[in-house]
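Participant: Got a structure here, written out as structure tokens. Questions coming.
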Amino acid sequence: MTLLPDLPQNAALLEQLRAQGVPQRHGDYAYEGWELHAHPELAERLADLAPHCPILAVYGLPVLAADGIAAVVARGTSALLVRLPEAPPEILERAAPYPPLTDPGRGWYTVSPWQRELGLAASKRLLSQLVRRALTHAARLAQNGGTDRQGPP
């Protein structure tokens with residue numbers, strides 16, 4: 001089951017996740033009818049960074065959304081995809097890219113959810129701020145009815 005609306009602002013993300021999704025109803029790695037593609041600790045980290053925001057299950061990945069528009073995706077063991085109008089602050093350690101979503105001008109960026117170089121408190125504070133920025137940006141996209149794509153696909 002996918003709880004993220006099939007809206008133009010979500011089209012690129014949904015297309016990519018749908019292509020990688022593996023249906024799975026039962027077992028240790030079942031996540032809302034799909035094979036889980038994020039470590040359970042990463043899903044917990046996402047919930048910790050946005051405690052008042054419901055986590056949606058989208059083709060096996062935990063997703064935060066604002067007004068139906070995806071803002072943050074927990075992926076694998078060490079990546080948060082964040083949707084922002086500009087790159088995250090350089091102080092934040094990046095995670096491996098996730099093309100084509102993270103290609104230049106697409107509006108998605110990856111960051112490490114653990115931020116090893118920062119202390120625990122600073123890491124949580126900065127990542128929580130980043131998640132709030134991504135949720136605010138997604139809400140603006142919903143209000144404007146537009147996408148954040150800044151160039152050709």
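The values are calculated or read from the model by the stated rules, or taken from the named source; none is laboratory data. Not measured: the values here are computed from a predicted model. Counting neighbours? That spans all protein chains shown, and the Cβs are built from the backbone with ideal geometry, glycine included.
Participant: Looking at GLY21, GLY33, can you tell me which residue is among the small types (Gly, Ala, Ser), surrounded by 12 or more Cβ atoms within 10 Å (Cβ to Cβ), closer than 16 Å to VAL73 by Cβ and at pLDDT below 85?
Facilitator: GLY21
Participant: Can I ask one more? Quick one: count up the residues across the range 41-59 that are part of a helix (DSSP H, G or I), closer than 21 Å to LEU13 by Cα and either of a type in the set (Ser, Thr, Tyr) or at pLDDT below 90 (or both).
Facilitator: The qualifying residues number 2.
Participant: What number of residues in the range 47-61 are out of contact with any helix residue (DSSP H, G or I) (no Cβ under 8 Å at 6 or more places or on another chain) and farther than 19 Å from ASP6 by Cβ?
Facilitator: Residues in the range 47-61 being out of contact with any helix residue (DSSP H, G or I) (no Cβ under 8 Å at 6 or more places or on another chain) and farther than 19 Å from ASP6 by Cβ: 3 in total.
Participant: Pick from GLU117, GLU93: which is charged (D, E, K, R) and surrounded by fewer than 13 Cβ atoms within 10 Å (Cβ to Cβ)?
Facilitator: Step by step, each of GLU117, GLU93 is checked, and only GLU117 is charged (D, E, K, R) and surrounded by fewer than 13 Cβ atoms within 10 Å (Cβ to Cβ).
Participant: Further, regarding this structure: Taking the condition of being surrounded by fewer than 20 Cβ atoms within 10 Å (Cβ to Cβ) and either in contact (Cβ under 8 Å) with a residue 12 or more places away in the chain or under 13 Å from PRO85 (Cβ atoms) (or both), how many residues in the range 120-130 meet it?
Facilitator: 3
Participant: What number goes with the only condition from (1) surrounded by fewer than 22 Cβ atoms within 10 Å (Cβ to Cβ); (2) in contact with a Leu (Cβ under 7 Å, 6 or more places away or on another chain); (3) at pLDDT 90 or above that ALA71 does not pass?
Facilitator: Every condition holds for ALA71 apart from (1).
Participant: With the requirement that a residue be surrounded by 15 or more Cβ atoms within 10 Å (Cβ to Cβ) and on the phi > 0 side of the Ramachandran plot, what does the range 97-114 give you?
Facilitator: GLY107
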